[in-house]
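Student: For reference, the structure I am asking about is given below.
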Amino acid sequence: MRKTTRLLSIVLACAISGGFLLTVAPAASAQRVIRGGVVFVGPGPFYGPWYPYYGYYPYPPGYAVPNYGEVKIDTHRKDVEVYIDGGYAARTKEAKKFALRPGNHEIELRDSEGTFFHEKVAVTIGHTTKLHVA
């Protein structure tokens with residue numbers, strides 16, 4: 001009787017520990033999402049509650065609320081380099097839309113002769129700020 005009770009308590013402890021680890025493991029994984037030439041690394045995929053017969057139910061990809069805004073640069077020039085807050089971001093032929101954290105950012109456009117466009121823009125969550133450059 002004691003051996004059976006001890007064996008059942010060990011099995012129950014292992015099952016509870018395993019269930020806890022399965023619950024924590026999906027939240028600890030990281031997923032890369034590429035938006036507008038910028039790579040975001042964050043938790044994912046997002047899992048909902050556990051159901052007895054179905055397991056974990058994954059939430060749809062758009063379930064998490066984005067915490068960034070976007071800057072879109074409208075220009076016909078393809079040989080322009082984009083610098084954001086002093087750091088190189090990309091060339092305009094590769095990407096024209098950039099995902100940025102909310103706040104004030106300095107956008108510079110440079111060509112072979114130097115900086116020809118410089119502007120400070122305010123980025124808000126969920127909105128796209130458009131810059132028209134000739």
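We did not get these values from a lab; they are worked out from the coordinates using the rules stated. A quick note: this is a predicted structure, and the numbers were derived from the prediction, not measured. No Cβ is skipped: glycine too gets one built from the backbone with ideal geometry, and neighbour counts run over all protein chains shown.
Student: Pull out the extension gain between Lys97 and Asn67, defined as 0.36 nm times the separation in residues minus the alpha carbon to alpha carbon distance; nm, one decimal.
Tutor: 9.2 nm is the gain from fully extending Lys97 to Asn67.
Student: So, one more: Can you list the HN-Hα couplings for the stretch 71-88, worked out from phi with the Karplus curve (6.51, -1.76, 1.60; θ = phi - 60°), rounded to whole Hz and with x for Gly and Pro?
Tutor: Along the stretch 71-88, the couplings run 10, 10, 9, 9, 8, 9, 7, 9, 9, 9, 9, 9, 10, 10, 6, x, x, 5 Hz.
Student: Still on this structure: ³J(HN,Hα) across the stretch 110-126 via Karplus (A = 6.51, B = -1.76, C = 1.60, θ = phi - 60°), whole Hz, x for Gly/Pro?
Tutor: Computed from phi, the couplings for the stretch 110-126 are 10, 10, 5, 8, x, 6, 10, 9, 9, 8, 9, 10, 9, 9, 10, 5, x Hz.
Student: How far apart, in nanometres, would the label points at Glu81 and Arg2 be if each is projected 7 angstrom from Cα along the Cα-to-Cβ direction?
Tutor: 7.8
Student: Any idea what diffusion coefficient the stretch 90-134 gets from Stokes-Einstein, in µm²/s, Kirkwood Rh on alpha carbon pairs, 37 °C, 0.692 mPa s?
Tutor: Result for D is 278 µm²/s.
Student: What order, most packed first, do the peptides 122-130, 6-14, 91-99 have when packing is the mean number of other Cβ atoms within 10 Å of each residue? Let's see the in-between values first.
Tutor: Numbers: 122-130: 13.1, 6-14: 10.0, 91-99: 15.7.
Going by the mean number of other Cβ atoms within 10 Å, highest first, we get 91-99, 122-130, 6-14.
Student: Can you list the residues, at least 5 places off or on another chain, whose amide H is less than 5 Å from the amide H of Thr129, using H built in the peptide plane?
Tutor: Residues meeting the criterion, in which the H sits 1.01 Å from N, are Glu70, Val71, Lys72.
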